[in-house]
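See below for the structure under consideration.
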Amino acid sequence: MGLHFPSIGLGFEQKKTIQPHYILDDARRSTPVEIATMQRIRQMVKEMDRSAGERILNTLTMEIDKVPKNENTTSHFRRLLSISYLGSQYDWLARYAELLGTKDLELCIHKDDKAEWFLRNDIRLIESNGESHYELVGTPSLAALNIFSHYRFPILDMTKTDMENKARQGGFLHIMEETWFCHSPTKEGKPCGICNPCKYTKSEGLARRVPAQSISTLARTFLKKMKKKAERLLPNQ
């Protein structure tokens, strides 16, 4: 959700109205950067095509601690997590979708994404009026996969480099270059190069977007990890 490749592409190429959603997590270091990035992208879209910019509606925002609990959904998430790594956002995003009572939020899981591994054998292609997307099958092979039943997946068969090429062909690559991915931006507002999203961005063909890190940055990150590990191991004082 938020403003990513599919929403920007839909606004330009298919002249669709876009409704962004954003879950606000004040504890996450990247939150201010993400909000500023969405505002900047809105402005860039409007400068390129005013009508496209006007079709991006005001973002619907909810604080993460106000997303209702649902133990059944969370247990499904934990079941998947026991099989392979899956980001915690797939728990609270599913609970948010349940609150909305929707089945058609567009979620930008892409080819080679960690979550795509879970979905690849339990999806179906939906084609209508020249448009297409993927969705979860009615009865997935694992009940826990139903946490993905609230979404459409418009780019499940695209890699990050596919998106880059598509944006270049559509003339909006300069806007796509502004999208954000890092969980732990530096003091200068740059990607840290160390967190998982930065690692994935590099491994998926867009290493040029991730700055090389200084020895001091790597050392600070290592010390923070050691401190957290020590806090988990030591008894409460």
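Go through the residues of segment 173-180 one by one and say whether even a single one is under 30 Å from HIS76 (Cβ atoms), modelled with pLDDT of 90 or more and in a loop (DSSP other than H, G, I, E, B). Yes. Taking first residues from segment 36-57 that are part of a loop (DSSP other than H, G, I, E, B) and partners that are open to solvent by less than 60 Å² (accessible area, probe 1.4 Å), the Cβ contacts under 7 Å between residues at least 6 apart in sequence or on separate chains come to ASP49/PHE12; ARG55/GLY11; ARG55/ILE18; LEU57/ILE18. Take GLU116 and decide whether it is open to solvent by less than 40 Å² (accessible area, probe 1.4 Å), within 20 Å of HIS133 (Cα to Cα) and within 17 Å of the chain's Cα centre (by Cα). Yes, satisfied.
When SER203 is tested against (1) open to solvent by 50 Å² or more (accessible area, probe 1.4 Å); (2) part of a loop (DSSP other than H, G, I, E, B), exactly one condition is not met: (2). Screening the candidates ASN146, ASN129, ASN121, ASN165 for the property of being over 26 Å from TYR200 (Cα atoms), open to solvent by 30 Å² or more (accessible area, probe 1.4 Å) and not acidic (Asp, Glu) yields one hit, ASN129. A search for C-beta distances below 7 Å between a residue of segment 182-197 that is in contact (Cβ under 8 Å) with a residue 40 or more places away in the chain and open to solvent by 70 Å² or more (accessible area, probe 1.4 Å) and any residue that is not in a loop (DSSP other than H, G, I, E, B) and not charged (D, E, K, R), counting only pairs 6+ apart in sequence or on different chains, returns HIS183/PRO197. For beta carbons closer than 9 Å, sequence separation of 6+ or different chains, a first residue in segment 129-152 that is more than 18 Å from GLU106 (Cβ to Cβ) and a second that is part of a loop (DSSP other than H, G, I, E, B) and of a type in the set (Ser, Thr, Tyr), the qualifying pairs are GLY138/SER149; PRO140/SER149. Of the residues making up segment 149-161, those that are crowded, with 20+ Cβ neighbours inside 10 Å and within 19 Å of ALA97 (Cβ to Cβ) are HIS150, TYR151, PHE153, PRO154, ILE155, LEU156. For first residues located in segment 78-105 and more than 11 Å from PHE148 (Cα to Cα), partners that are open to solvent by 60 Å² or more (accessible area, probe 1.4 Å) and lie 6+ apart or on another chain with Cβ distances below 6 Å form the pairs TYR85/LYS114. Each residue in segment 1-27 was checked for being modelled with pLDDT under 90, under 14 Å from the mean Cα position of the chain (by Cα) and not in a helix (DSSP H, G or I), and 4 of them qualify. Within the set THR61, THR102, the sole residue that is open to solvent by less than 30 Å² (accessible area, probe 1.4 Å) and not charged (D, E, K, R) turns out to be THR102. A search for C-beta distances below 9 Å between a residue of segment 157-179 that is over 21 Å from GLN39 (Cβ atoms) and any residue that is basic (Lys, Arg) and in a loop (DSSP other than H, G, I, E, B), counting only pairs 6+ apart in sequence or on different chains, returns ASP157/LYS111; MET158/LYS111; THR159/LYS111; LYS160/LYS111; ASP162/LYS111.
Looking across segment 206-228 at every residue that is basic (Lys, Arg) and open to solvent by 100 Å² or more (accessible area, probe 1.4 Å), the one that is modelled with the highest pLDDT is identified as ARG208.
Given the structure, is GLU116 touching a strand residue (DSSP E or B) at 6+ places or on another chain (Cβ under 7 Å), in contact (Cβ under 8 Å) with a residue 12 or more places away in the chain, acidic (Asp, Glu) and closer than 19 Å to PHE181 by Cα? Considered against the rule, which asks whether it is touching a strand residue (DSSP E or B) at 6+ places or on another chain (Cβ under 7 Å), in contact (Cβ under 8 Å) with a residue 12 or more places away in the chain, acidic (Asp, Glu) and closer than 19 Å to PHE181 by Cα, GLU116 comes out as no. Being crowded, with 16+ Cβ neighbours inside 10 Å and among the aromatic types (Phe, Trp, Tyr) is a property that does not hold for TYR85.
The values are calculated or read from the model by the stated rules, or taken from the named source; none is laboratory data. Computed from a predicted model, the values in this text were never measured in an experiment. Methodologically, a virtual Cβ is constructed for each residue, glycine included, from the backbone with ideal geometry; neighbour enumeration extends over all protein chains shown. Ligands, DNA and RNA are excluded from the accessible area calculation, which covers all protein heavy atoms including side chains. Shrake-Rupley method; radii C 1.70, N 1.55, O 1.52, S 1.80 Å.
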